[in-house]
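Q: One structure, pasted below without further comment.
The values are calculated or read from the model by the stated rules, or taken from the named source; none is laboratory data. Given the structure is predicted, the values throughout are model-derived calculations rather than measurements. So basically every Cβ, Gly included, is an ideal-geometry build from the backbone, and we count neighbours across all protein chains shown. Side chains included, ligands, DNA and RNA excluded: accessible areas come from the protein's heavy atoms. Shrake-Rupley method; radii C 1.70, N 1.55, O 1.52, S 1.80 Å.
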Amino acid sequence: LCLLQAMASEVSTSSSITSDLTKKSPSISSARKKKDADIPASVKAISGSLGGAMEACCLQPIDVIKTRLQLDAVRQYKGIVHCGKSIVQQEGVKALWKGLTPFATHLTLKYTLRMGSNALFQVLFRDPHTGEISHGGRLVAGFGAGVLEALMIVTPFEVCMSVFVRICGFLGVHK
């Protein structure tokens, strides 16, 4: 509830800034609408997938360290930095990117679905006469994309990952 209230407050703040800009220069509003309308949902989905792949490559070392710390039953690591240094010294730098494929797949699918579905939902909520979308329509489109992403991608991946981590932890496997 607090998150939705914060989002609504942000939307109203940005809408007042946008309306101030539009009053001063109406061409900004029409240029922005045209620019948004010209980008197909498929391009937005592909952009999302590329962003997800890049995020996975950047975050994977942190995720590997986090997972090793979670599975460290014998307390061989003294903290985040020690864990990272130990992995690099014992297994090499490439070890920080172990498991990149499933993580990249997860984030790529997640952002592809989020960006693509948000674009499609915004088309559904546009005014058929003016082609404009209200702030509420944008909010609902974003909410719908988030729910779709959570149900179709995030929850199944998180369940699989939790089971896998538990099995690996139980077996003492992490290398």
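Q: Looking at Leu139, is it within 25 Å of Ala56 (Cα to Cα) and modelled with pLDDT of 90 or more?
A: Answer is no for this residue.
Q: Another question, if that's okay. Quick check, is Phe170 at negative phi, surrounded by 17 or more Cβ atoms within 10 Å (Cβ to Cβ) and at pLDDT below 90?
A: Numbers: at negative phi: yes; surrounded by 17 or more Cβ atoms within 10 Å (Cβ to Cβ): no; at pLDDT below 90: yes.
No; evaluated as a whole, the condition is false for this residue.
Q: Could you please tell me which pairs satisfy a Cβ distance under 9 Å, a separation of 6+ or placement on different chains, a first residue in segment 79-104 that is within 13 Å of Ala53 (Cα to Cα), and a second residue that is open to solvent by 100 Å² or more (accessible area, probe 1.4 Å) and modelled with pLDDT under 90?
A: Pro102/Phe164
Table: residues versus (1) within 30 Å of Ala119 (Cβ to Cβ); (2) surrounded by 13 or more Cβ atoms within 10 Å (Cβ to Cβ).
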position: Gly51; (1), (2): yes, yes
position: Glu55; (1), (2): yes, yes
position: Cys58; (1), (2): yes, no
position: Ile62; (1), (2): yes, no
position: Gln70; (1), (2): no, no
position: Arg75; (1), (2): no, no
position: Gly92; (1), (2): no, no
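Q: Name every residue in segment 64-95 that is more than 23 Å from Val163 (Cα to Cα), under 26 Å from the mean Cα position of the chain (by Cα) and among the charged types (D, E, K, R), in order of residue number.
A: Once the filter is applied, which keeps residues that are more than 23 Å from Val163 (Cα to Cα), under 26 Å from the mean Cα position of the chain (by Cα) and among the charged types (D, E, K, R), segment 64-95 yields only Lys94.
Q: Still on this model: Quick one: in segment 142-167, which of the residues that are under 30 Å from Val74 (Cβ atoms) and open to solvent by less than 60 Å² (accessible area, probe 1.4 Å) is modelled with the lowest pLDDT?
A: Val165
Q: Is it the case that some residue within segment 80-89 is small (Gly, Ala, Ser), more than 25 Å from Gly142 (Cα to Cα) and either part of a helix (DSSP H, G or I) or modelled with pLDDT of 95 or more (or both)?
A: There is at least one residue in segment 80-89 that is small (Gly, Ala, Ser), more than 25 Å from Gly142 (Cα to Cα) and either part of a helix (DSSP H, G or I) or modelled with pLDDT of 95 or more (or both).
Q: Further question on the same structure: Condition first: of a type in the set (A, V, I, L, M) and either assigned to a loop (DSSP other than H, G, I, E, B) or surrounded by fewer than 12 Cβ atoms within 10 Å (Cβ to Cβ) (or both). Now tell me which residues in segment 115-135 satisfy that.
A: Leu124, Ile133
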